[in-house]
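What follows is calculated from the coordinates using simple rules that are stated; it is not laboratory data. What you are looking at is a predicted structure, and each value in this text was computed from that prediction instead of being measured. For neighbour counting, all protein chains shown are included, and Cβ atoms are generated from backbone atoms with ideal geometry for every residue, glycine included.
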Amino acid sequence: MKVVIANKEKGRSYQVEIDENKSKALYGLKIGQEFDGSIVNLTGYKLKITGGSDKDGFPMRPDVHGPERKRILVSAGPGIRKKKKGIRRKKTVRGNIISESIAQINTIITKKGEKTIEELLGIKEEKKEGEENQKEESNTA
């Protein structure tokens, strides 16, 4: 299962793959609930579930109860892109409870830990090309 962690402060998101044993701890949680970040190797962090999708790409909706797929009449929200105002469509979506058929979970950080996410996940910060050029120009001036 993949867990996408959104960091609103930096405007970045991180994708972490967890094995089946760790993902079992998430089964039964609903969209909007929080869980401990140690499941995805982020000790000290709290993560809130904002959505996800199943193995076939059907999105999870917070207003559809249960872990199974359902066909619902949708006018807005996850699972539909309106082309005209007032359009409603019958779409297949996944319920709001995480089960073994969920392939990806989207989360946001609600409580930060002591260390940064980059340190815990082992990600090196990449410098942008523009930043390097600005530093070189200011050093020569």
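Annotations for the structure displayed:
- Spatially proximal lysines relative to residue 115 (Cα-Cα < 24 Å; intrachain offsets below 8 disregarded): 2, 8, 10, 22, 46, 48, 124, 127, 128
- Whole-Å distance, taken between Cα centres, linking the range 1-64 and the range 72-111: 15
- Surrounding net charge for residue 34, when Lys and Arg each add one and Asp and Glu each subtract one, Cβ distance under 15 Å: +4
- Tensor-based shape of the range 1-90 (alpha-carbon gyration tensor, a/c under 1.5 rounded, otherwise prolate or oblate): prolate
- Additional length obtainable on full extension of the chain from residue 38 to residue 25, 0.36 nm per residue less Cα span: 3.6 nm
- Under 5 Å from the amide H of residue 7 lie the amide H atoms of 12, 13, 14, each residue being 5 or more positions distant or on a separate chain, with H modelled from the backbone and absent for Pro and chain starts.
- Residues in the range 3-18 carry Karplus couplings, in order, of 10, 9, 10, 9, 10, 5, 5, 8, x, 10, 10, 10, 10, 10, 9, 10 Hz; the curve used is 6.51 cos²θ - 1.76 cosθ + 1.60 with θ = phi - 60°, and Gly or Pro positions show x.
- Three-way shape label, the range 41-129, alpha-carbon gyration tensor, a/c 1.5: prolate
- In the chain, the DSSP-assigned H stretches of four residues or longer account for a calculated mean residue ellipticity at 222 nm of -3500 deg cm²/dmol, using -39500 (n - 2.57) per stretch and the full residue count as denominator.
- DSSP-assigned coil residues among trypsin sites (Lys or Arg not before Pro) in the range 54-100, each with at most 15 further Cβ atoms within 10 Å: 55, 81, 82, 83, 84, 85, 88
- In summary, the range 1-40 shows an alpha-carbon radius of gyration equal to 1.23 times the 2.2 N^0.38 Å reference for compact globular proteins.
- Cβ-Cβ FRET estimate between residue 75 and residue 15, R0 fixed at 22 Å, reported to 0.05: 0.10
- Karplus-based coupling profile of the range 58-65, in residue order and whole Hz: 6, x, 7, 10, x, 9, 9, 8, with θ = phi - 60° in 6.51 cos²θ - 1.76 cosθ + 1.60 and x standing for Gly or Pro.
- Percentage relative contact order, the range 30-90, counting C-alpha pairs under 8 Å, at least six apart: 21
- Computed from backbone phi, the HN-Hα couplings of the range 33-41 come to 7, 9, 9, 6, x, 5, 4, 10, 6 Hz, rounded to whole numbers (Karplus: 6.51 cos²θ - 1.76 cosθ + 1.60, θ = phi - 60°; Gly and Pro given as x).
- The chain, relative contact order in percent, only Cα pairs under 8 angstrom and at least six apart counted: 28
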